[in-house]
Every structure is written in structure tokens, then in C-alpha cells.
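Report on the following structure.
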Amino acid sequence: MDEILEILEKNSNYTVEQIGKMTGRTVEEVSQAIKEYEEKNIIAGYSALINWDSTSKESVLALIEVKITPQRGVGFDKVAERIYKFPEVKSCYLMSGGFDLTVIIEGKTIKEVALFVAEKLAVQEYVLSTATHFVLKKYKDKGIIFKEKPEDDREVTFI
Amino acid sequence: MKLEDMILNRVNNMPPSGIRKYFDMIYDMDDAISLGIGEPDFVTPWNIVEAGIYSLEKGHTHYSANAGIAELRKEICKSLSKNYGLNYDYNEEVIVTVGGSEGIDIALRALVGPGDEVIIPEPSFVAYKGCTAFTGAKAKIINLRAEDEFKLTPKLLEAALTSRTKVVIIPFPNNPTGAIMTREELSKIVDILKGRDIIILSDEIYSELTYGNKHVSIASFPEVRDKTLVINGFSKAYAMTGWRLGYVCGNKILIDAMKKIHQYAIMCAPTTAQYAAIEALKNGETSVYEMTSEYNRRRRVIVSSFKKMGLECFEPLGAFYVFPCIKSTGLNSDEFCEKLLKQEKVLVIPGNAFGECGEGFVRVCYSSSMDNILESMIRIERFIKQIKR
């Protein structure tokens with residue numbers, strides 16, 4: 001896999017000059033590669049990973065297990081599409097195992113999420129059942145552990 | 001009687017470390033960046049830490065066999081065979097030690113004493129000279145040269161050999177220069193040493209940290225296999241410095257001699273660390289790959305930045321050090337480091353801390369975060385511009 005993608009996935013904040021130095025490529029080569037990844041939708045977007053729990057923002061996150069009946073010809077995709085197009089849906093995955101879709105929903109209050117599930121999700125044609133699990137605490141997201149920044153506490157050694 | 005007089009001359013004569021003052025200076029500085037510490041910035045991968053914790057929970061809190069847990073010795077032999085084509089018998093040809101450092105110490109203590117000479121290529125890790133001096137043997141220094149990219153050349157080696165030479169230390173990948181030795185370069189060294197009664201002490205602690213060429217061990221040459229002691233360990237590859245775990249491999253006769261010292265002085269290496277190390281060897285490959293990839297990116301950033309600044313710098317292909325020449329600034333190594341630290345709050349180590357021939361160079365260690373490295377390069381560039389103005 002291209003190292004540029006590995007670097008950007010960890011920190012999309014680096015400049016093309018910095019990435020060029022890290023990978024031993026010219027600025028032009030890096031710019032061109034990134035442009036192509038963007039055009040091919042391999043790089044689908046850039047975002048910051050925010051620890052909302054440390055801010056004053058009130059929000060709730062819920063993971064919904066959804067069982068659906070697949071449709072002839074399009075399988076699960078059509079139903080999934082009707083669901084993931086709602087802006088409240090942050091993530092949507094097709095699953096193996098006891099249920100079919102994992103839908104991650106964000107709302108301001110528990111009531112708001114519950115109403116969304118009841119009024120928009122559960123009532124969809126082909127949706128058989130839903131089970132809602134509210135997230136109580138985020139420990140780790142996208143490889144980042146949410147607690148105080150680790151400090152460099154290495155002591156002096158003569159090596 | 002003064003207590004000082006009770007201490008052996010060879011210990012009294014050992015000068016204190018010249019780099020302590022820099023660490024004292026940086027201690028009170030806010031916003032300082034240290035590229036001075038020669039150990040990984042990564043925390044030991046969790047699967048390895050967890051294996052250590054589990055061993056404690058299981059009650060593995062006793063001494064291990066003197067030479068180390070058999071399963072660990074088997075894994076060490078498996079990994080050396082797979083990675084470097086070295087074949088050792090886990091039962092007779094391996095000792096697990098307290099870091100690679102203990103390996104250096106007990107090897108020298110088993111092999112040399114007053115009247116013997118130990119050839120030490122410099123710049124290199126400071127312990128070789130120290131441990132040699134404590135045995136009463138004489139350190140015969142080879143001054144490696146920038147024009148050879150700080151590699152050991154046959155000519156330099158031949159010039160250092162005498163009838164008293166008992167041990168030659170081969171310290172590659174090298175701390176502080178980042179130099180490595182290729183198979184072709186080593187074969188010329190082998191040609192010189194194979195017919196002589198000399199033991200090769202090959203310190204390969206940075207063997208997993210090479211960029212481009214895979215590490216070649218001098219012990220993989222059959223002509224010198226039985227007169228080579230290979231020192232390696234877990235500190236650098238697996239970010240396990242604080243666990244204090246290394247090992248030595250070699251012919252049974254040499255290992256048996258070292259075992260005597262090890263069993264009386266040390267008993268055995270820490271048991272918890274040994275259990276953690278088994279996990280490191282069995283399931284640590286991905287972590288090593290991720291860490292070396294990150295080191296490699298930092299290395300490229302530093303080398304290209306120094307070139308842009310006009311500091312001469314050969315491409316270091318091993319360890320986590322860059323060793324640029326700072327002579328063009330008109331400063332000596334000590335002045336450079338002190339001024340850089342005072343003006344820009346970046347700590348690098350004077351090259352002469354690793355041997356006189358390191359004068360005119362500084363050691364820049366890239367075991368610090370990418371953000372620190374990017375920021376420190378901006379600061380060093382500003383510093384150099386200001387000096388050259």
C-alpha cells in the first residue's frame with residue numbers, strides 16, 4: 001500500500017512538503033498522488049478526530065442492530081441506502097452474524113435518537129427489527145485513545 | 001585513608017560522561033525538544049506488555065534457568081535463523097542477558113585482562129571502552145572516517161591489529177553514526193580475521209532497524225562463526241529498553257565461560273521480561289514493521305532537511321541516528337550543541353562523546369515524534385542561518 005495513505009490516515013494535517021520529505025518523493029509527486037486518490041474517491045474526505053466528551057457539546061451516540069429482509073437483485077444495498085442517507089446516521093455497516101446492519105446514530109438527546117429509530121428506521125419497509133444500544137463512554141476511536149496526551153518521561157541514560 | 005584511594009585506578013580513571021551537562025541544562029527548559037536520548041520513544045507494544053503482566057498473574061515470579069527460559073532461547077534461535085541465517089543450538093549456544101550491555105560485559109570479562117588488546121572502532125557506544133577498561137585490558141581505538149561513511153575498512157582494521165589483539169568489536173548498525181556494513185564489506189573483514197586467534201564481538205542490537213538493506217551478521221560467514229559472539233536483544237527492535245533483556249549467541253565453549261560469570265554475578269535475566277520477550281518474538285513482527293516504517297520517515301525528513309541546510313551528511317541506513325558534519329558552521333561539536341540548546345532549545349549530542357574522531361559531528365536521534373522532528377528541523381535551520389550570517 002502507498003505510504004502516503006498510511007501517513008494521511010494517521011494525520012491528514014501534514015503538508016505535501018512534509019509528506020514529500022517523509023517518503024523521499026518530490027512535492028509534485030505527492031500532490032499528484034493525492035489528487036488522484038481524491039479523484040478516485042480513495043481519499044474520501046478529511047476530518048479531525050474530536051473528543052466531544054471533553055467539550056460542552058451535549059450529544060448521544062447509539063449503535064443500532066438492524067435486521068432486514070434482503071431484496072431480490074439488490075440484496076441489502078437498497079435498504080441500506082435508504083437508511084444511510086439520513087444525516088443522523090454517522091456510519092452504516094453490513095454485518096455477518098445475528099443481524100444485518102450496524103447503524104451508528106448521533107443525536108442531541110436519548111429521546112431524539114429513540115424517536116429517530118422509532119419513526120424513521122423501524123418503520124422502513126423490509127426492516128424486521130431493531131435493537132438500540134447507547135454509547136456511555138468512548139475510550140478509543142479510529143486508533144486514538146482518548147485520555148491525556150502521553151508525556152515523554154524517558155530519563156537520562158548514556159547511550 | 002581517603003575512600004577514593006580504596007577504589008581501583010582503572011575505575012577512578014574513567015572520566016565522567018561529557019554529556020550530562022546537556023541533560024542538566026534541558027531539564028529546566030520549557031518547550032525544549034530532545035533528540036538526545038538513544039532509546040525508542042514508542043511504548044512497548046501492548047501484546048508484549050500484556051504477556052508480561054499475565055506471567056506475573058500466573059505466579060511466574062521466580063528465577064528462571066541461568067541461561068534463560070528454554071522456550072525463549074528456542075524462539076531466539078528460530079528468529080536468528082529466519083532473519084539472518086544464523087543457526088545456534090538453544091541449549092548450548094545462547095545466554096539470555098540483562099540487556100545487550102550485560103552481554104558485552106561478560107564477554108569481555110571472560111576473554112580479556114591485563115596485557116590484552118580490544119579493538120574498538122569509534123565513534124561507537126561508550127560502553128565498549130568502559131567495559132574494556134574495567135577488565136584491565138587495553139582499548140585499541142580505530143578512528144572511523146566520514147569519507148568511508150564510518151564503516152570499518154580492511155585497511156583500518158589491519159593497521160590496528162597487534163600480537164596482543166584478543167577481541168575485535170564490530171558495532172553495526174552503529175550508534176551514533178547509523179552506518180551499516182554490507183555483506184561484501186563484511187567479507188573483507190572476515191578475510192582478515194579468519195586465520196587469527198581473535199574473537200569477534202558483534203553487537204547487533206540495532207539489527208532490526210535497517211532501511212533498505214537487510215542486516216547481515218558477520219557470524220553468518222562460516223569461517224568465523226565459531227569465533228564470533230553475536231550480541232542482540234529486545235530493547236531497540238521491540239521498544240523494550242526498560243525491560244532489560246538481551247542475549248548472546250556463540251560457540252558452546254565461549255558461552256559456557258560466559259555462563260560462569262553470568263550465573264554468579266546476575267543469576268538470571270528478569271523472568272517477567274523473558275515471558276514478554278517470548279510474545280515479542282512470536283507475535284511482534286507487525287509492531288516492528290510499523291515502528292521501523294515510522295523511523296524511516298523521520299530519517300528521511302532529517303537527512304533531506306540537513307542537506308537543504310547545507311550540512312554534509314551521509315545517508316545512515318541503520319539504527320535511529322543521523323550523524324551530520326557541522327564543521328561548516330565554524331563551531332566545534334560542543335559549541336554547536338551548547339549554542340543550539342541555548343538558542344533554539346533543541347538537544348543533540350556532540351559526536352566526540354562517542355570517540356575523539358566524532359569531533360566535528362553531532363548525533364541526532366530520531367526516536368522522537370514526527371511533530372518534534374519537523375519542529376526541530378525548523379529550529380536547526382534557523383540556528384544555522386544565523387551562525388553563517
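Derivation of every value follows stated rules applied to the coordinates shown; laboratory data play no part. Here the structure is a predicted model, which means the values were calculated and not measured. Cβ sites come from the backbone with ideal geometry, for glycine too, and all protein chains shown count toward neighbours.
Some observations on this one:
- In a reduced charge model with +1 at each Lys and Arg Cβ and -1 at each Asp and Glu Cβ, the protein assembly as shown shows a dipole moment near 420 debye about its Cα centre.
- For the stretch B:97-170, alpha-carbon Rg and Dmax in angstrom: 12.3, 36
- Other residues lying with their Cβ under 10 Å from the Cβ of B:Thr241 contribute a combined charge of +2, Lys and Arg counting +1, Asp and Glu -1.
- Å³ per residue enclosed by the Cα convex hull of the stretch B:46-148: 170
- B:Glu50-A:Asn51 FRET efficiency (beta carbon distance; Förster radius 25 Å; 0.05 resolution): 0.50
- Straight-distance candidates among the lysines for linking to B:Lys385, with alpha-carbon spacing under 17 Å and chain neighbours fewer than 8 residues away dropped: B:Lys307, B:Lys308, B:Lys327, B:Lys339, B:Lys342, B:Lys345.
- Mean shadow area of the stretch B:74-207, taken as a quarter of the surface of its Cα convex hull (nm²): 8.2
- Pairs of C-alpha atoms in the stretch A:88-138 farther apart than 13 Å represent 63 percent of all such pairs.
- If R0 is 25 Å, the Cβ-Cβ spacing of A:Ser31 and B:Asp371 corresponds to a FRET efficiency of close to 0.70.
- Compactness of the stretch B:188-316 - radius of gyration and Dmax, Cα, Å: 18.1, 54
- Within the stretch A:52-136: Cβ-based charge dipole about Cα centre, in debye rounded to nearest 20 (Lys, Arg +1; Asp, Glu -1): 160
- Taking 21 Å as the limit for the C-alpha separation, the pairs A:Lys78/A:Lys111; B:Lys129/B:Lys188; B:Lys188/B:Lys227 exceed it in the case of A:Lys78/A:Lys111; B:Lys129/B:Lys188.
- Neighbours of B:Lys214, meaning other residues whose beta-carbon lies under 15 angstrom from its beta-carbon, give a summed charge of -3 when Lys and Arg score +1 and Asp and Glu score -1.
- Projecting the Cα atoms of B:Ile255, B:Leu311, B:Leu341 onto the charge dipole of chain B, computed from C-beta unit charges around the Cα centre, puts B:Leu311 farthest toward the positive end.
- Formal net charge of residues neighbouring B:Asn332 (Cβ-Cβ distance under 14 Å; K, R +1; D, E -1): -3
- A simple charge model with +1 on the Cβ of Lys and Arg, -1 on the Cβ of Asp and Glu and nothing else charged puts the dipole of the stretch A:1-149 at about 520 debye relative to its Cα centre.
- Once the convex hull of all Cα atoms in the stretch A:24-159 is built, its volume per residue stands at 216 Å³.
- Highest average packing first - B:241-253, A:29-41, Cβ atoms within 10 Å: B:241-253, A:29-41
- Acute angle (nearest 10 degrees) that the helix B:285-309 long axis makes with the longest principal axis of chain B, alpha-carbon atoms: 30
- Rg/Rh (Cα only; Kirkwood hydrodynamic radius) as it applies to the stretch B:255-389: 1.13
- Tail weight of P(r) past 17 Å, computed on alpha-carbon pairs of the stretch B:299-372, percent: 42
- Shielding score for A:12-23, defined as the mean number of other chain Cβ atoms within 10 Å: 4
- Efficiency of FRET between B:Asp256 and A:Lys149 - r from beta-carbon atoms, R0 41 angstrom, step 0.05: 0.25
- Extension gain, B:Leu161 back to B:Asp191 (0.36 nm per residue minus Cα-Cα distance, nm): 9.4 nm
- Distant alpha-carbon pairs in chain B (separation over 39 angstrom), percent: 17
- Bridge orientation summary for chain B: considering DSSP beta bridges with both residues in this region, about 40 percent are antiparallel.
- Rg/Rh for the protein assembly as shown (Cα atoms only, Rh after Kirkwood) is 1.06.
- Share of alpha-carbon pairs per 5 Å distance bin for the stretch B:291-339, given as whole %: 4, 20, 26, 21, 17, 8, 3, 0
- The calculated P(r) of the stretch B:163-232, using every Cα pair and 5 Å bins from 0, goes 4, 17, 30, 26, 15, 7, 2, 0 in percent.
- Here the 3J(HN,Hα) profile of the stretch B:54-65, calculated from phi with Karplus coefficients 6.51, -1.76 and 1.60 at θ = phi - 60°, is 4, 5, 5, 4, 6, x, 7, 10, 9, 4, 9, 3 Hz, Gly and Pro shown as x.
- Those residues of the stretch B:355-389 whose amide nitrogen sits under 18 Å from the label point placed on B:Arg20, 7 Å along Cα→Cβ: B:355
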